[in-house]
Structure formats: C-alpha cells, structure tokens
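Structure record follows, encoded as structure tokens.
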Amino acid sequence: MTGVESPVHVPGHGLLRGRTAVVTAAAGTGIGGATARRFLEEGARVLISDAHPRRLKEHEAGLGREFPGAVAAVPCDVTDEDQVRALFEAAVAAHGRLDVVVNNAGLGGTADLVDMTDEQWSRVLDVTLNGTFRCTRAALRAMRRTGGGVIVNNASVAGWRAQAGQAHYAAAKAGVMALTRCAAIEAAAYGVRVNAVAPSLAMHPHLEKVTSAELLAELTQREAYGRYAEPWEVANVIVFLASGYSSYMTGEVVAVSSQHP
C-alpha cells in the first residue's frame with residue numbers, strides 16, 4: 001500500500017446487536033467477507049453465502065472460532081432462483097426474521113465492446129444485476145412478512161464513470177443503482193430501507209488475479225490518498241447503512257471513494 005496514511009481499524013460498537021443478517025459472496029477476503037466480519041464485530045448474527053461451497057465452509061469455520069454461535073453458512077449461486085429462495089428461507093427459519101441483507105455478489109471482466117461475446121455480456125449481467133434483483137426480491141418478500149429491514153446493494157463507481165473494457169460491468173452496476181432506487185420507493189410502505197455503496201478501488205487477492213498490474217496502478221493513481229481502500233473500509237459504510245444511524249436514508253447510492261474524475 002502507498003500513500004501518506006494507513007487506515008486504522010475501527011472497533012465494534014454494538015451497532016447491529018441482535019440483528020440477523022445475510023451477506024452474499026461472503027467467502028474470502030473481499031468486501032463480502034469483510035462485511036460479514038464487521039457485522040459480527042457489531043453484534044449481528046450472520047448467515048454467509050457464496051457460490052463456492054468449499055471456500056464458504058472454510059470461511060464459516062474461521063469466523064465461527066472467533067464468533068461462536070453467531071455465524072452460519074448456506075451455499076448459493078445467485079443466478080439460480082431455487083438456490084436464492086432456499087437461502088432466504090433458511091435465514092428466516094433459523095432466526096424467525098431477517099433484518100439486514102447485503103447483496104454483494106458480482107462478476108467483472110475486461111473486454112472491448114467490439115470484441116465482447118454475448119456470453120461475456122450475459123454472464124456479468126446475470127450475476128451482478130440479475131443476481132441482485134433475485135436476492136432483493138427474496139429479501140423484500142421476507143421483510144414484508146416480518147415487519148421491515150434494511151437492504152444494502154454493492155454497486156460501483158463504474159456505474160457512473162466510463163472505463164474502457166468495462167461496458168458489461170458498468171452497465172450491470174448502473175442497473176444495480178437504478179434497481180436500488182426503485183426498490184426503495186416500493187419498499188418504504190412496509191418499512192424497508194434500500195441503499196447501495198459504490199466503491200472505487202478496494203483491493204483483495206481475487207481482484208489482483210483478474211486485473212492487470214498496469215490497470216491497478218492507473219486506478220490507484222486516481223485516488224486522492226494515493227492508495228486503494230481496504231475491503232473493511234467499504235464494510236464500515238455498509239455497517240452505517242445497515243444501522244440505525246442511517247434511519248432516514250433510502251434509495252441512496254453512497255460512493256466509497258477518494259477518486260477524482
């Protein structure tokens with residue numbers, strides 16, 4: 001990491017004590033995994049989900065040692081409606097209600113539009129946008145029955161800003177932003193808030209594997225602090241949106257970025 005300052009981890013303050021939360025794509029070291037950990041630190045009971053069962057089981061075991069009795073896991077591919085339905089049914093069955101849902105599952109890739117295949121386009125849209133739709137729909141149905149809740153979607157600054165090779169990802173994330181706003185208007189009538197975060201550059205090992213060093217260097221240079229965000233820094237904003245501190249906010253997309261245009 002470069003830059004003049006290093007982030008200091010903020011300890012939990014019980015902001016989600018007693019809440020039940022579902023976090024998708026939560027196995028590993030990215031934003032989903034960091035969010036699950038921050039929720040546990042803030043006192044929530046967390047059901048983590050991911051499309052990779054082995055990695056999910058390992059992450060559940062690790063978190064379970066630190067937070068005994070507070071974490072469970074259910075594998076789920078967000079492109080499969082039956083699996084999405086089973087995930088949310090499991091959450092309600094385990095705890096009787098569902099207070100917070102974080103829709104973190106997403107898929108990227110790099111391809112110029114002129115060379116992009118239908119399969120590349122459809123796969124990114126199906127995971128990133130359609131998957132968020134499926135999980136939001138399931139969450140709203142559960143929360144409508146149990147009396148309110150909070151949904152936080154993971155968008156991206158790419159939904160606002162142009163970047164070569166990212167047409168499919170940018171379109172999907174812009175769609176997540178629009179879905180967030182429309183869902184918020186509909187859900188307000190039964191006490192559900194729906195917001196989104198839009199990170200710029202949060203570094204984790206998977207991103208390093210799928211993104212060139214040149215592009216990562218370029219993106220890092222755009223950040224005012226001269227460094228990328230730690231995933232838990234994004235998770236801190238998700239905690240805020242999930243907590244009572246944001247009780248009047250719905251339909252908002254909050255940038256988690258130091259990036260200049």
task: Name the single residue, out of those in segment 18-37 being in a helix (DSSP H, G or I) and aliphatic (A, V, I, L, M), that is nearest to the chain's Cα centre (by Cα).
output: ILE31
query: So is ALA91 touching a residue at least 60 places away in the same chain (Cβ under 8 Å), surrounded by 17 or more Cβ atoms within 10 Å (Cβ to Cβ) and touching a Leu at 6+ places or on another chain (Cβ under 6 Å) or not?
result: yes
task: Could you check GLN221 against (1) at pLDDT 95 or above; (2) part of a helix (DSSP H, G or I) and say which number it fails?
output: (1)
message: Where the second residue is assigned to a helix (DSSP H, G or I) and the first is acidic (Asp, Glu) and lies in segment 44-66, which pairs have Cβ atoms under 7 Å and are six or more apart or on separate chains?
response: ASP50/LEU56
message: Step by step: first the residues of segment 191-212, then only those that are at pLDDT 95 or above and more than 15 Å from the chain's Cα centre (by Cα), then the one that is farthest from GLY131 (Cα to Cα). Which residue is that?
response: GLY191
- line: Pairing a residue in segment 19-33 that is surrounded by 24 or more Cβ atoms within 10 Å (Cβ to Cβ) with any residue that is at pLDDT below 95 and of a type in the set (Gly, Ala, Ser), where Cβ atoms lie under 6 Å and the two sit 6 or more apart in sequence or on different chains, gives ILE31/ALA202
- request: From the list LEU15, LEU40, LEU56, pick out the single residue that is of a type in the set (A, V, I, L, M, F, W, C), surrounded by fewer than 24 Cβ atoms within 10 Å (Cβ to Cβ) and not in a helix (DSSP H, G or I).
  value: LEU15
message: Looking only at segment 157-181, how many residues end up being hydrophobic (A, V, I, L, M, F, W, C) and either without any contact (Cβ under 8 Å) to a residue 24 or more places away in the chain or assigned to a strand (DSSP E or B) (or both)?
response: 5
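The values are calculated or read from the model by the stated rules, or taken from the named source; none is laboratory data. If you're wondering where the values come from, they're calculated on a predicted model, not measured in any experiment. Note that we place each Cβ from the backbone using ideal geometry, even for glycine, and neighbour counts take in every protein chain shown.
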